[in-house]
Amino acid sequence: MSLSNKVAVITGAASGIGKDIARAFIAQGAKVAIADLNIEAANATAREFDPTGQLAMGVGMNVMDEAQVDTGIDLVASKFGGIDILISNAGIQIVNPIEAFSFADWKKLLAIHLDGAFLTTRASLKHMYKQGRGGSIIYMGSVHSKLASVLKAPYVTAKHGLEGLARVVAKEGAKHGVRSNVICPGFVRTPLVDKQIPEQAKELGMSEEDVIKKVMLKDTVDGEFTTVDDVARTAVFLAGFPTNALTGQSIVVSHGWFMQ
Ligand code: NAD
């Protein structure tokens, strides 16, 4: 098992991509903190994956809240014996053309994706540096870290921003053996995407089927959605990679939607 005895914090892990990464990490021997705004769902996920309470714990955490992040990460470190891996994954989507985007929605989206990534990184690095056993930080980017789409101004801005943060963490963390990378998935059928399909259909004046075929999957090589399992396998690979050879990178997992 490639993650034996590693301690991982995964934000937004009560649903979708984060939840499947938690499942895969536990299968690889890691102890996992399921950190989520929705504490009931976080606790239920922890119990679902590990009824014994030894390998998984739920943590209520709003990643935009400095005190909640600092307290939550410290709690995980004291219960599980440190922090080895952070998956900064919590996120939302709001679609609107720029001229109709409220400033409040713009700020909320940037705060969840960027403030959340910064705060969880800072809190985790403190433990990783002190422990002296290295670490791996993985940001959940998107093909929208590389490309733009209409209706998604703050999301595209935030996902591009994560690449900058990951590169700085790679440079600062290197001497401590802390690596930092970004996973950039294409569209994955999670609640986040299921909510967007009717919203985009309305904004673009298309059927939901056309939004899937002609917008979401149009540029993939095979018209397929990326799966939570595809993303979780990539996270296992990056989290278990043993040296600084693979740091400051982004890996696109998107059925060829974006090729670099
Ligand atoms: P999801 O809606 O299934 O899950 C998101 C989770 O984040 C939920 O459990 C939610 O409670 C939690 N969350 C939301 N706001 C939070 C906050 N402030 N603090 C803590 N937790 C919070 O979404 P998903 O599709 O699994 O998305 C996960 C990540 O993957 C996001 O960053 C998203 O941008 C990214 N992503 C998703 C896709 C996709 O197609 N689904 C593609 C590329 C990237």
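Only one of these is in a loop (DSSP other than H, G, I, E, B) and open to solvent by less than 60 Å² (accessible area, probe 1.4 Å): Leu246, Leu238. Name it.
Step by step, each of Leu246, Leu238 is checked, and only Leu246 is in a loop (DSSP other than H, G, I, E, B) and open to solvent by less than 60 Å² (accessible area, probe 1.4 Å).
Could you tell me which of the residues Gly18, Gly12 is under 18 Å from the mean Cα position of the chain (by Cα), within 9 Å of the ligand (Cβ to nearest atom), closer than 16 Å to Thr234 by Cβ and among the small types (Gly, Ala, Ser)?
Only one candidate passes the filter, namely Gly18.
Kindly list the number of the only condition in (1) more than 14 Å from the chain's Cα centre (by Cα); (2) among the polar types (S, T, N, Q); (3) within 17 Å of Gln93 (Cβ to Cβ) that fails for Ser142.
Evaluating Ser142 over (1) more than 14 Å from the chain's Cα centre (by Cα); (2) among the polar types (S, T, N, Q); (3) within 17 Å of Gln93 (Cβ to Cβ) leaves (1) as the failure.
So in region 84-128, with the set limited to residues that are part of a strand (DSSP E or B) and more than 11 Å from the ligand (Cβ to nearest atom), which one is surrounded by the fewest Cβ atoms within 10 Å (Cβ to Cβ)?
Looking at the filtered set, the residue picked out is Ile85.
Here is a yes/no grid of residues against (1) closer than 18 Å to Tyr155 by Cβ; (2) away from the ligand (no atom under 15 Å from the Cβ); (3) open to solvent by 60 Å² or more (accessible area, probe 1.4 Å); (4) free of Cβ contacts under 8 Å to residues at least 24 places away in the same chain:
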{"position": "Lys195", "(1), (2), (3), (4)": "yes, no, yes, no"}
{"position": "Glu203", "(1), (2), (3), (4)": "yes, yes, yes, no"}
{"position": "Glu209", "(1), (2), (3), (4)": "no, yes, yes, yes"}
{"position": "Met216", "(1), (2), (3), (4)": "yes, no, no, no"}
{"position": "Val221", "(1), (2), (3), (4)": "no, yes, yes, no"}
{"position": "Glu224", "(1), (2), (3), (4)": "no, no, yes, no"}
{"position": "Val231", "(1), (2), (3), (4)": "yes, no, no, no"}
{"position": "Thr234", "(1), (2), (3), (4)": "no, no, no, no"}
{"position": "Pro242", "(1), (2), (3), (4)": "no, yes, yes, yes"}
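Name the pairs: first residue in region 62-73 and within 12 Å of Val9 (Cβ to Cβ) and in a loop (DSSP other than H, G, I, E, B), second residue modelled with pLDDT of 95 or more and open to solvent by 60 Å² or more (accessible area, probe 1.4 Å), Cβ to Cβ under 9 Å, at least 6 apart or on different chains?
Val63/Leu37; Val63/Asp115
The values are calculated or read from the model by the stated rules, or taken from the named source; none is laboratory data. If you're wondering where the values come from, they're calculated on a predicted model, not measured in any experiment. Backbone-built Cβ (ideal geometry, glycine too); neighbour counts: all protein chains shown. Keep in mind that these areas ignore ligands, DNA and RNA; they rest on the heavy atoms of the full protein, side chains included. Shrake-Rupley method; radii C 1.70, N 1.55, O 1.52, S 1.80 Å.
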